[in-house]
Amino acid sequence: VATIELLTYRIIVEPGSLDRVGDLVREVAAAHRYALLTDERAGPLYAARVRESLGAESVVMHQIRSGESEKTRENWIALTDAMLADGLGRDTTVIALGGGVVGDLAGFVAATFMRGVPFVQVPTTLLAMVDASVGGKTGVDTPAGKNLVGAFHQPAVVVADTDVLRTLPPPHFRSGMAEAIKHGVIASVDYFDEVVTVARSMERWVGSALDLTPLVAGSVRIKAAVVADDEREAGRRKILNFGHTLGHAVESCSEYTLLHGQAIAIGMVLEAEIAERMSIASSGTANRIRDVLDLVGLPDRPPSWLDPDQILERTRTDKKARGGRVEYALPIRIGAMAGATSGWSIAVDDDVVRTVLHTAHAP
Ligand SMILES: NC(=O)c1ccc[n+]([C@@H]2O[C@H](COP(=O)([O-])OP(=O)(O)OC[C@H]3O[C@@H](n4cnc5c(N)ncnc54)[C@H](O)[C@@H]3O)[C@@H](O)[C@H]2O)c1
Ligand SMILES: [Zn+2]
C-alpha cells in the first residue's frame, strides 16, 4: 500500500481500493452527483463496485467503446450532452474509470463541463496507473494528430487498485511496462533495476496474483516528483518526453497499429542511440534498454515495413523544431538526463537521426 503526496492531490496505490473510492472522493471532491465515465471493458468489470461505494443513487454512468479511436471530440460532445440531459450541474464530480483513453477524455469533460468541475482518476491499466493518471494533462485526438485539443486539469485524487491489472490483456500490460522503464531511465537506476526484476518474471506477473503495487508506486513517485515543480511543462517535465519524439513518429507512421508502449519502446532505443552517437550518453545505455525490452516482450526497433525517412519526416510535425532541428530529451546514462542547462531538451541534426534510423532498419 502506498500513498504518494508530492502533488496537490494524493495518489493512492492499493490493492482492493476500488471499494474505497467513495470514501476517498468524499474527502476531497464531495458532490451532489457523480458522473462515472468508463469504457465497455473496464465498466462491466469494475463499475458496480465504484458505484456501490459512491452510493448508487447519486451516480450517473456513461460508457464509451474501447480504444484510442474513441478519444474524440465526438465523444466529448456525446458525454457532455448526456450529462446535461441527466440534469447535472456545477455540483458534480467526474470520475474516470478506465485506461488512459477514458482518463484523458473524461478529464477533458471535467475541465470543460460548467467551466470545470472536480475530477477523480481511477486508472485500470498499467499505463494509466504509472503515467496517464498523474500530471493533469487531459484531451482528445483530432484527425490532425493525437492530443491536439485539451486542457490541464488536475485530479482531486487518484485511486489505483492494482488488483484490477489481473484482467488486463498481456499486450496492454507490456505497453504499460514501457512507461515504467522510461521512468527508470529518466530518474533512477534503482527503479530501473526494479523494473528489470519484474521483467525477469514477466510470465508470473501477467495476469497473476502477484502484487504490482511496488512497481506502480515507484513509477508514480518518479512522475509525481517530476511534474510537481513544473505542472505546465516549462522545463524539467520535458524529460518525460524521452522516447516520445521518435516514438510518436513511429506510432503515427504505423497508423496506430502499434500500441503506444510498443512505439515508445522503439523510440527509447532510437533516442538512446542518438545520445550515444552524440557522446551525450555513455556507451551501452541503449543496450541496457534493449535488454529489458526484450525481457518484457516489447520491440526494440521499428518494424521493417516502416520507411525510416518517413519516420524522420513525421518528427517535424510532432514537436516544435528550433532552427530547423527537432528537440529531444536525451539520457546521459540510466537514471540521469542531459540538458540541465539547456531546458532539458537538445536539438539534434537530422543527419544523426537519419543514420540511427537507417542503422536500425538494416538487419
Ligand atoms: N494524460 C497523460 O499524461 C497521458 C500519459 C500517457 C498516455 N496517455 C494516453 O493514454 C492513452 C493510452 O492509455 P491505455 O494504454 O490505458 O489505453 P486504453 O485506455 O485504450 O486501455 C487499453 C485497453 O484495456 C482495456 N482495459 C482497461 N482496463 C482494463 C482492465 N482492468 N482489464 C481489462 N481490460 C481493461 C481498455 O478497454 C482498452 O481496450 C493514450 O490515449 C495516451 O495518449 C495520456
Ligand atoms: Zn507515453
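The values are calculated or read from the model by the stated rules, or taken from the named source; none is laboratory data. Remember, predicted model here, so these are calculated numbers, not experimental data. Every residue, glycine among them, receives a Cβ derived from its backbone with ideal geometry; neighbour counts consider all protein chains shown. For accessibility, only protein heavy atoms count, side chains too; no ligands or nucleic acids. Shrake-Rupley method; radii C 1.70, N 1.55, O 1.52, S 1.80 Å.
What are the pairs with Cβ atoms under 8 angstrom where one residue, in segment 127-148, is in contact (Cβ under 8 Å) with a residue 12 or more places away in the chain and the other, located anywhere, is more than 6 Å from ligand 1 (Cβ to nearest atom) and in a loop (DSSP other than H, G, I, E, B)? Sequence gap at least six, or different chains.
Pairs that qualify, where the first residue is in contact (Cβ under 8 Å) with a residue 12 or more places away in the chain and the partner is more than 6 Å from ligand 1 (Cβ to nearest atom) and in a loop (DSSP other than H, G, I, E, B), are S133/P155; V134/L7; G135/E231; G136/H153; G136/Q154; G136/P155; G136/E231; T138/H153.
Just the residues that are out of contact with any strand residue (DSSP E or B) (no Cβ under 9 Å at 6 or more places or on another chain) and within 15 Å of ligand 1 (Cβ to nearest atom), please, taken from segment 83-130. Steps first, answer last, please.
Applying the first criterion (out of contact with any strand residue (DSSP E or B) (no Cβ under 9 Å at 6 or more places or on another chain)) to segment 83-130 yields 84-85, 90, 115, 126-127.
Once the filter is applied, which keeps residues that are out of contact with any strand residue (DSSP E or B) (no Cβ under 9 Å at 6 or more places or on another chain) and within 15 Å of ligand 1 (Cβ to nearest atom), segment 83-130 yields L126, L127.
R33 - would you say it is at pLDDT 95 or above and open to solvent by 80 Å² or more (accessible area, probe 1.4 Å)? Even if it seems obvious, please write down each step before you answer.
Working: at pLDDT 95 or above: yes; open to solvent by 80 Å² or more (accessible area, probe 1.4 Å): no.
So R33 does not fit the description; no.
Can you say whether K223 is closer than 30 Å to D307 by Cα, under 15 Å from the mean Cα position of the chain (by Cα) and in a helix (DSSP H, G or I), as far as the supplied structure shows? Write out each step before concluding.
Working: closer than 30 Å to D307 by Cα: no; under 15 Å from the mean Cα position of the chain (by Cα): yes; in a helix (DSSP H, G or I): yes.
It is false that K223 is closer than 30 Å to D307 by Cα, under 15 Å from the mean Cα position of the chain (by Cα) and in a helix (DSSP H, G or I).
Among E57, E27, E70, E14, which is at pLDDT 95 or above, within 13 Å of ligand 1 (Cβ to nearest atom) and of a type in the set (D, E, K, R)?
E70
Go through (1) more than 16 Å from ligand 2 (Cβ to nearest atom); (2) closer than 19 Å to V196 by Cα one by one and return the number of the condition L312 breaks.
(2)
Would you mind stating whether A35 is among the aliphatic types (A, V, I, L, M) and more than 30 Å from L258 (Cα to Cα)? Walk me through it before giving the result.
Working: among the aliphatic types (A, V, I, L, M): yes; more than 30 Å from L258 (Cα to Cα): yes.
So A35 fits the description; yes.
What number of residues within segment 242-269 satisfy the criterion of being polar (S, T, N, Q), surrounded by fewer than 23 Cβ atoms within 10 Å (Cβ to Cβ) and touching a residue at least 12 places away in the same chain (Cβ under 8 Å)? Quick ask: steps written out before the conclusion?
Start the filter on segment 242-269 by keeping residues that are polar (S, T, N, Q), which leaves 245, 252, 254, 257, 262.
This time we only want the ones that are surrounded by fewer than 23 Cβ atoms within 10 Å (Cβ to Cβ), so: 252, 254, 257.
Restricting the remaining residues to those that are touching a residue at least 12 places away in the same chain (Cβ under 8 Å) gives 252, 254.
The number of residues fulfilling the criteria is 2.
For I280, work out the one condition from (1) aliphatic (A, V, I, L, M); (2) assigned to a helix (DSSP H, G or I); (3) touching a residue at least 60 places away in the same chain (Cβ under 8 Å) it doesn't fulfil.
Going through the list (1) aliphatic (A, V, I, L, M); (2) assigned to a helix (DSSP H, G or I); (3) touching a residue at least 60 places away in the same chain (Cβ under 8 Å), I280 breaks only (2).
List the strands (runs of 3 or more DSSP E) inside segment 305-363, counting only whole elements, that have at least 3 residues being at pLDDT 95 or above. It would help to see each step written out before you state the result.
Values: elements: 325-328, 331-333, 346-348.
Strands (runs of 3 or more DSSP E) meeting the threshold: 331-333.
Would you confirm whether or not segment 209-231 contains a residue that is out of contact with any Pro (no Cβ under 7 Å at 6 or more places or on another chain), farther than 17 Å from G297 by Cα, within 13 Å of ligand 1 (Cβ to nearest atom) and open to solvent by 30 Å² or more (accessible area, probe 1.4 Å)?
yes
Could you tell me whether any residue of segment 276-285 is in contact with a Gly (Cβ under 6 Å, 6 or more places away or on another chain) and more than 22 Å from D190 (Cβ to Cβ)?
No, that holds for no residue.
With the requirement that a residue be polar (S, T, N, Q) and either within 14 Å of ligand 1 (Cβ to nearest atom) or part of a helix (DSSP H, G or I) (or both), what does segment 239-256 give you?
Within segment 239-256, the subset polar (S, T, N, Q) is 241, 245, 252, 254.
N241, T245, S252 - these are the residues of segment 239-256 that are polar (S, T, N, Q) and either within 14 Å of ligand 1 (Cβ to nearest atom) or part of a helix (DSSP H, G or I) (or both).
Where residues in segment 134-166 are near ligand 1 (Cβ under 8 Å from one of its atoms) and of a type in the set (V, I, T), which of them is farthest from T80 (Cα to Cα)?
V164
Could you list, in sequence order, all residues of segment 22-36 that are under 17 Å from D161 (Cβ atoms) and touching a His at 6+ places or on another chain (Cβ under 9 Å)?
The one that is under 17 Å from D161 (Cβ atoms) and touching a His at 6+ places or on another chain (Cβ under 9 Å): L36.
Scan segment 167-187 for residues that are of a type in the set (D, E, K, R) and near ligand 1 (Cβ under 8 Å from one of its atoms) and jot them down.
The first filter runs over segment 167-187 and keeps only residues of a type in the set (D, E, K, R), leaving 174, 179, 182.
Once the filter is applied, which keeps residues that are of a type in the set (D, E, K, R) and near ligand 1 (Cβ under 8 Å from one of its atoms), segment 167-187 yields only E179.
Might you let me know whether segment 354-363 holds any residue that is among the charged types (D, E, K, R) and surrounded by fewer than 15 Cβ atoms within 10 Å (Cβ to Cβ)? Give the steps one after another, and end with the answer.
Of segment 354-363, the ones among the charged types (D, E, K, R) are 354.
Next, from what is left, pick out any that are surrounded by fewer than 15 Cβ atoms within 10 Å (Cβ to Cβ): 354.
Yes.
Quick one: is I280 surrounded by 18 or more Cβ atoms within 10 Å (Cβ to Cβ) and over 21 Å from L259 (Cβ atoms)?
Details: surrounded by 18 or more Cβ atoms within 10 Å (Cβ to Cβ): yes; over 21 Å from L259 (Cβ atoms): yes.
Against the criterion (surrounded by 18 or more Cβ atoms within 10 Å (Cβ to Cβ) and over 21 Å from L259 (Cβ atoms)), I280 qualifies.
Against the definition (more than 21 Å from the chain's Cα centre (by Cα), farther than 22 Å from G261 by Cβ and open to solvent by 70 Å² or more (accessible area, probe 1.4 Å)), how does S342 come out, yes or no?
Numbers: more than 21 Å from the chain's Cα centre (by Cα): yes; farther than 22 Å from G261 by Cβ: yes; open to solvent by 70 Å² or more (accessible area, probe 1.4 Å): no.
Criteria not met by S342.
Quick check: is even one residue across segment 149-160 closer than 22 Å to R221 by Cβ and within 13 Å of ligand 2 (Cβ to nearest atom)?
No, because not a single residue in segment 149-160 is closer than 22 Å to R221 by Cβ and within 13 Å of ligand 2 (Cβ to nearest atom).
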